[in-house]
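See below for the structure under consideration.
Bear in mind these aren't lab numbers, they're just calculated from the coordinates by the rules spelled out. The structure presented is a predicted model; accordingly, all values stated were derived computationally and were not measured. Here the Cβ is made from the backbone with ideal geometry for all residues, glycine too, and neighbour counts use every protein chain on show.
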Amino acid sequence: MNSKFIILWIFIVGLIVISCNTHQNKTPEGKVNDSVSVNLPVKTKESENKQKVIHCEPFSMDSIIEGYHILYKSRANGKIVTTYPITDGKGKDTICYACQDVILTVTKDGKDVVLNRKIQRDDFKAFIPKNEISKYCISNFKITDVTTSNLKLSINLCIPETDICFWFDLIVSDNGDLKIKEEVEEESDM
């Protein structure tokens, strides 16, 4: 009797184990899933990039000039500009910089919104070569001139930590039009 009891006990335990394994691998339709799920760590962009990202100094302005209320503020946009210095050629001295946008809001006489817009690096694609624009960041933004019919702002896009820059004037008219004009520096005979 002991051998029949042991065989019966092994049979019952076997059914329980098989039943548990079958229920764990069933899909919602009741079909048995023959694949095994393994949770593997996923490399994220942050773990691959062991470099520290350097953020630009944030800037903002809230000013009222000649009836215009001008509000602008820089904000990181999640894009990264990576520089590859020539010093070792192996990427060990690569530096990453956070890229930023400028949120610009202009109202006139305290009531009419003239412009509410995000100024981005890509707004300058017509002036900066397509294969080069990803190397540049907005580095400076300021009010340069205000008249009764428009205002002029100055913006620089530079390769971080260099003096390689493009200078632009942004002209905002009363009807909300935004015009971008590149400032060209004239060479002088020295």
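Below is a table of values for the structure above.
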| read-out | value |
| --- | --- |
| Sequence-distant residues sharing a close amide H with residue 119 (under 5 Å, placed H) | 102, 103, 104 |
| Segments 121-128, 154-161 sorted - mean Cβ within 10 Å per residue, highest first | 154-161, 121-128 |
| Gyration tensor (alpha-carbon) shape descriptor, the range 50-183, a/c threshold 1.5 | prolate |
